[in-house]
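Take a look at the structure below.
Any read-out appearing in this document is the output of simple, stated calculations on the displayed coordinates, not a laboratory observation. This one's a predicted model, so the numbers in the text were calculated from it and none came from an experiment. No Cβ is skipped: glycine too gets one built from the backbone with ideal geometry, and neighbour counts run over all protein chains shown.
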């Protein structure tokens, strides 16, 4: 592998260049770039680094201002100066996943032969491939052991993959609202989303960039379907009920009579402004293929055998996308492997998205866990 | 830093004097599983006084959350169903304090504990205490005592036993009673082997150290 170069400053979005990556599908990506962002300062011992892994539609901007949208990062509830993941104390790293559309190598990247963007010629990637790329990034940053790897949903899958495949580099791991394998129901929802994109005439076989069109409708429908799975029935009922949108009675038509319809349409339309349809196909596929036990002869505990990583697993009562039962399966396997594991189910009616929201009990758990892990790591409080 | 002798450390609380007695019987720097660890008072005490590598299992989510927020390694789970997921001989000592009587199948729980740990420490309330016996004899009703405060229809203690019942079960399970401490009115008494008839009448609690034969 050739040398990796950083061409940006700390706290900026910067790029890794020229790292070859052998993928699970058999293909090799010769020129991998990862867009990432860091917060805080790496200490002298390089022992205070935290890697945050983002979810399906996340990016490398958990904290601060996202320069593309001018909006706050997606996890400012948890990450920032003086916050739970204190950027005054820890060196926080977050990279856009391989296959993403936030600047890392993905289907919108140009092919090495100069024939334009990959589109559907991009090789199918896996969660393990994403983690392989992050592993190169950590090499590049000169960090031997990460103090903590954490993330929710697909970010949690990456956390588990890190602990299973590169456990010696992971001092502690916090997989939140996730699973060691993507369930049949979740694959089904992803398939609905992908079919909506593929059915859009503007998709043009993934080469929509040639015409300058974009499969807006398909991607919006995919987002609408997915967004429902991130919420809970109780939260939807509380927020919208059967309330009508800007009208006193139903119109006997197919306009957005109900507030929930209007809300979902808005979610869909705003999503297409910030996300790429091909990336959506590739990343959902990576999640579908995720099954750590399958890589270990069906034995999940074997994936974590002799692990010295300290785990803190969290789930939410109303999360039906990654229900608590998935976390319990994981925790039992970790116990069977003799791993050091804590597990907390947080009472919340906010569904899967709860991990991104103001959940005091989750924050208290994370604080306590990080504090004890920091003490064990010899990091001054 | 909390003074280990203070109540805040979970130490020597009037109702849970058994915690310090248990802590005294745990080897320094050993690996310990506390089943039914509550809010983590014992695990914290053990970590502070004995420097153990501790894990906990607790049924109530509020208890688990408190433990993890305190920095303890605790998972939500059920002693009746979840012990089978722990590896053989995974721990030096497995502790079950004031929990056995609340399990569905106490004998299976003890059997699993003996598989997981080399040494077992079990504390139980004594249903053979004279006040319990007298209450049933004179009033003809299920006793409600200082240690057992709930009525029969709402108590979580579904498998109460006497100290003698407990040692009989240990025999059935081929568990050796290494030592026993009895408690009456907060006063501890060390016994080399099993509790005597007198102890079974006077003690309100017993703390047993067991080993596989």
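Here are the numbers for this structure:
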quantity: Residue order, fewest to most surrounding Cβ atoms within 10 angstrom, among B:161, A:94; calculated: B:161, A:94
quantity: Convex hull projection area averaged over all views, the stretch B:14-212, Cα basis, nm²; calculated: 10.6 nm²
quantity: Mean-position separation - Cα centroids, the stretch B:119-160 and the stretch B:70-88, in angstrom; calculated: 27 Å
quantity: Length-normalised contact order of the stretch A:79-133 in % [C-alpha pairs under 8 Å, at least 6 apart]; calculated: 21 percent
quantity: Sequence ranges A:203-209, A:160-166, A:369-375, ranked by mean other-Cβ count within 10 angstrom, highest first; calculated: A:160-166, A:369-375, A:203-209
quantity: Among beta bridges that DSSP assigns inside the protein assembly as shown, antiparallel share in %, nearest 5; calculated: 45 percent
quantity: Averaged over A:327-334, number of beta-carbon atoms from partner chains that fall within 10 Å; calculated: 3
quantity: Relative contact order (%) - criterion: Cα under 8 Å, at least six apart; region: chain A; calculated: 16 percent
quantity: Relative contact order for chain B, counting Cα pairs under 8 Å that sit 6 or more residues apart, in percent; calculated: 17 percent
quantity: Gain upon complete extension [residue A:188, residue A:25; 0.36 nm per residue less C-alpha separation]; calculated: 56.5 nm
quantity: Other protein chain Cβ atoms within 10 Å, averaged over every residue that makes up B:55-63; calculated: 2
quantity: Listed residues A:332, A:223, A:132, most fluctuating in chain A (Gaussian network, C-alpha, under 10 Å); calculated: A:332
quantity: Mean ellipticity per residue at 222 nm, deg cm²/dmol - from DSSP H runs of n ≥ 4 across chain A, formula -39500 (n - 2.57); calculated: -10500 deg cm²/dmol
quantity: Percentage, to the nearest whole number, of Cα pairs in the stretch A:333-375 over 11 Å apart; calculated: 71 percent
quantity: Burial ranking of peptide ranges A:260-273, B:30-43 (average Cβ count within 10 Å, highest at the top); calculated: B:30-43, A:260-273
quantity: Pair residue A:376, residue B:142: separation of 7 Å Cα→Cβ label points (nm); calculated: 4.1 nm
quantity: Choice from A:175, A:107, A:67 with maximal GNM fluctuation in chain A (Cα, 10 Å cutoff); calculated: A:67
quantity: Other protein chain Cβ atoms within 10 Å, averaged over every residue that makes up A:354-362; calculated: 1
quantity: Residues B:178, B:112 arranged by fewest to most Cβ contacts within 10 Å; calculated: B:178, B:112
quantity: Residue B:115 paired with residue A:245, simple spin-label distance in nm, labels 7 Å along Cα-to-beta-carbon; calculated: 5.6 nm
quantity: FRET efficiency, residue A:44 to residue B:53 (Cβ-Cβ, R0 30 Å, nearest 0.05); calculated: 0.60
quantity: Likely footprinting exposure, A:362, B:142, fewest C-beta neighbours within 10 Å first; calculated: B:142, A:362
quantity: Euclidean distance of C-alpha centroids, the stretch A:59-102 and the stretch A:174-238, integer Å; calculated: 23 Å
quantity: Once the Cα gyration tensor of the stretch A:268-381 is diagonalised, semi-axes √(5λ) in Å; calculated: 27, 22, 15
quantity: Ranked by how many other beta carbons lie within 10 Å on average, peptides B:162-170, A:40-48, B:133-141 from highest; calculated: B:162-170, A:40-48, B:133-141
quantity: Equivalent ellipsoid semi-axes - Cα gyration tensor, chain A, angstrom; calculated: 32, 26, 20
